[in-house]
4 protein chains.
Amino acid sequence: MEVEPDRQESVRLFKRRLIRDAAKRIFSEKGIGGASVREIAKAAGYTTGAIYTYFATKEELYADVLRDSLDALHDEVVAATAAATADRAAAALRGLWTFYDSRRSDFELGFYLYGGARPVGLTPELNRELNGLLDRVMDHIAGCLADDGLAEPEHAHHLAVSAATWVFGLLLMTKTGRLRSLGEDAEAQLDTYLSTLTTRNETRKQR
Amino acid sequence: MEVEPDRQESVRLFKRRLIRDAAKRIFSEKGIGGASVREIAKAAGYTTGAIYTYFATKEELYADVLRDSLDALHDEVVAATAAATADRAAAALRGLWTFYDSRRSDFELGFYLYGGARPVGLTPELNRELNGLLDRVMDHIAGCLADDGLAEPEHAHHLAVSAATWVFGLLLMTKTGRLRSLGEDAEAQLDTYLSTLTTRNETRKQR
Amino acid sequence: MEVEPDRQESVRLFKRRLIRDAAKRIFSEKGIGGASVREIAKAAGYTTGAIYTYFATKEELYADVLRDSLDALHDEVVAATAAATADRAAAALRGLWTFYDSRRSDFELGFYLYGGARPVGLTPELNRELNGLLDRVMDHIAGCLADDGLAEPEHAHHLAVSAATWVFGLLLMTKTGRLRSLGEDAEAQLDTYLSTLTTRNETRKQR
Amino acid sequence: MEVEPDRQESVRLFKRRLIRDAAKRIFSEKGIGGASVREIAKAAGYTTGAIYTYFATKEELYADVLRDSLDALHDEVVAATAAATADRAAAALRGLWTFYDSRRSDFELGFYLYGGARPVGLTPELNRELNGLLDRVMDHIAGCLADDGLAEPEHAHHLAVSAATWVFGLLLMTKTGRLRSLGEDAEAQLDTYLSTLTTRNETRKQR
DNA sequence: CATGAATGAGCATTCATTCAT
DNA sequence: CATGAATGAATGCTCATTCAT
């Protein structure tokens, strides 16, 4: 009598998750470039070789961590929006900020691997999948902008990308310590930027 | 009989420059992570060990390249501004964009090393120096914003950082290939953002 | 209630054969050094661990493939002889050549493992068995030489080994690419060698 | 004042030789497939990385060992010939035999690396160089055959390759233990084969 | 001041084999 | 019997750094 295949599969997935979480932890501690398979394996309670039962390649492991991260990002941005009655776009962008601000390595990971020129190795399909995940987030923000009356539908995507670009820039400056060194505060900057978005709205309405 | 100490020192600086320029070249070609001291040495016409006469550490070499880069950035932004009669802030921000867009590795270098928690090795003084260099750039942009009537003097720095943040975000998204994957175009985004700055100006004036 | 032991045993042998054939296929494709147990198992429709139910060791699997190969060699040499009415020895030697020439890995396998000092792991009995298989081939060739009047019975074995030695040398030079690099052709060499054997015969007869 | 470049270069060559000799020793002990760079380094009194100062690649090390071996082979065959007044071809072939018989790994090495299909990686030029070295040996043997009146000049090369083929076959059978298992003796086989060459000569003359 | 040999730790990956299920 | 996860040692190779010359 065989073990139920579903249970077997779910155990496998659980273990993959264990390794993925260990990888995340190590990425946070040592940075992505500094994380070795050896160390990830040890952190997950495995020997080096065992990792390759679950991930064919270090890059495949990267990709899985990243996919998980982008999934969580989408969920968090959507949740942040759902909690808001007005100013949904501001809520979404704040969600984007909060998500990456509170996670040590996700931001670095996302911009290191995802479609970047440098550390290729992702299969094209995988690359497309990850691109699609980010696109979904952008579409959601675009929808919020349109709902709030901050942009006409045909310009919403353009503006959503622009706003997300600013948030990513803020994250970059914060994580690398520049913002602090320039005597600026992330939250204050965020408040200013988001209020500018709203102001623009009122300007548009008045016309 | 000793050589004049000044001459000695200037020769030393000259050779440091030779090595730094070689490093820059290699960084551009192979990326910063992919550049080995061996290769930089060879490109500079030295053997491996000689590098360590001028730079105690690979990171110190990084820092020197970065200092040079920030110096050049400042010069370019100032030059871009000087060429403009109106919309000086837009010209400065465009200069910021152009500088990093046209240099393969400077952006990567700047945000990898500069003040970040990860790749330590910078002495605190050096760190302060590099921060100061960036600050000068921000101050210049702030001045332009004030000159253009885009911000009151006491808010100019805050806005300058915000605008630079957006440009850095755009660079990040461009260099990692995300912008393209989202179907957006860097130049178009830049145009939109800069025209928004100007529009806001007019709004302020009308009040 | 137990299964009839004979049937059990024959099933076991059948499965061994399945694995052995898969191993052969993989050996041909990847070379003997490049074949992993994993890959052989997959080609046989088994998982890795299952192989070890049938073969205690990778080397034991090697040995089984080799035994099968020597068996087939004997059959082919005998068949080649049976088809010939005259010059039976030449036919046998040509059969020896053809057998190894047309099989990608058998020659490599035979001389890699068989009795060599290097890759031990063959039990002495097994070693003796394999030696015996080769000996049978040599005896057959010796018989042909005697039948053809090319050697007196007491010298036939000595000459058979000499002739086989030459064929093995030709295979070695062909498979390693040397013959081609020396500007020589295997078939032409073979023709010359075999005709020399016949000529010697006539010489002996004339005396 | 710099070190004399000649001395420096000769030291380098000497150390290369040390490593090459260590490699040879390890090849003999463990077989070529079983020799790791680590082990060779240790045997040479170096750490692993140091090997790569002298040889860019494991294969380059292989190639150097092989080149050295083929050079020595040529010298030994020529020397064996020079010592003989009559039957120079027999002397050359005996030299071929003796050379490889007395060296544990040279034979395996030669046929493993040299132009074989399996372990490529040799640059084409290198491959050609090594082929040329063997060709020189063959030409020498061909010259001896012609001198001895054993072959007309236009057939000498063909016959030289045939004879060398036989010797290589004998080496193969000896080194893998087969000859002994067949109850045959290498020296006796060699005597028979060489005397056949001579006999053929007389036959030709009588005609 | 410059050389380049040498170090030694590190890397991703592979693989024969074992064993709990 | 069969599975496939897990082991642990091994492999070729790289690289920042040191130091005798």
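The values are calculated or read from the model by the stated rules, or taken from the named source; none is laboratory data. Predicted, not measured: the structure shown is a model, and the values here were computed from it. All Cβ positions, even for glycine, are placed from backbone atoms using ideal geometry, and neighbour counts span all protein chains on display. All accessible areas refer to the heavy atoms of the entire protein, side chains included, with ligands and DNA or RNA removed. Shrake-Rupley method; radii C 1.70, N 1.55, O 1.52, S 1.80 Å.
List of remarks:
- Sole exception among (1) open to solvent by 20 Å² or more (accessible area, probe 1.4 Å); (2) within 8 Å of DNA strand F (Cβ to nearest atom) for D:ILE51, by number: (1)
- Selection within region D:179-195 - more than 21 Å from the chain's Cα centre (by Cα), in a helix (DSSP H, G or I) and within 19 Å of C:ASP139 (Cβ to Cβ): D:ARG180, D:SER181, D:ALA188, D:THR192
- When region B:41-52 is filtered for residues that are more than 14 Å from every other protein chain (Cβ to nearest Cβ) and either in a helix (DSSP H, G or I) or away from DNA strand E (no atom under 13 Å from the Cβ) (or both), the ones remaining, listed by number, are B:ALA41, B:LYS42, B:ALA43, B:ALA44, B:ALA50, B:ILE51, B:TYR52.
- Checked against (1) without any contact (Cβ under 8 Å) to a residue 60 or more places away in the chain; (2) more than 16 Å from DNA strand F (Cβ to nearest atom); (3) within 16 Å of the chain's Cα centre (by Cα), D:THR85 passes all but a single condition, namely (3).
- B:ALA151 assigned to a loop (DSSP other than H, G, I, E, B) and away from DNA strand E (no atom under 16 Å from the Cβ): yes
- Of the residues making up region D:1-40, those that are assigned to a helix (DSSP H, G or I), within 14 Å of DNA strand F (Cβ to nearest atom), touching a helix residue (DSSP H, G or I) at 6+ places or on another chain (Cβ under 8 Å) and within 26 Å of C:TYR112 (Cα to Cα) number 9.
- Just so you know, in region A:54-66 the residues that are part of a helix (DSSP H, G or I) and open to solvent by less than 60 Å² (accessible area, probe 1.4 Å) include one that is nearest to DNA strand F (Cβ to nearest atom), and it is A:TYR54.
- A:ALA72 farther than 19 Å from A:LEU170 by Cα, more than 16 Å from DNA strand F (Cβ to nearest atom), open to solvent by 70 Å² or more (accessible area, probe 1.4 Å) and out of contact with any Pro (no Cβ under 9 Å at 6 or more places or on another chain): no
- Flag for B:ALA43 being surrounded by 16 or more Cβ atoms within 10 Å (Cβ to Cβ) and hydrophobic (A, V, I, L, M, F, W, C): yes
- From the list C:LEU171, C:LEU134, C:LEU145, C:LEU159, the lone residue that is more than 7 Å from chain D (Cβ to nearest Cβ) and in contact (Cβ under 8 Å) with a residue 60 or more places away in the chain is C:LEU171.
- B:LEU66 being touching a residue at least 40 places away in the same chain (Cβ under 8 Å) and closer than 23 Å to B:ARG16 by Cβ: yes
- Of all the numbered requirements in (1) within 16 Å of DNA strand E (Cβ to nearest atom); (2) assigned to a helix (DSSP H, G or I); (3) under 22 Å from the mean Cα position of the chain (by Cα), A:GLY95 misses one, and that requirement is (1).
- Condition met for A:ASP64 (within 14 Å of DNA strand E (Cβ to nearest atom), under 21 Å from the mean Cα position of the chain (by Cα) and not hydrophobic (A, V, I, L, M, F, W, C)): yes
- Condition broken by B:ARG200, with the remaining ones in (1) within 11 Å of chain A (Cβ to nearest Cβ); (2) assigned to a helix (DSSP H, G or I); (3) modelled with pLDDT of 95 or more; (4) open to solvent by 20 Å² or more (accessible area, probe 1.4 Å) satisfied: (3)
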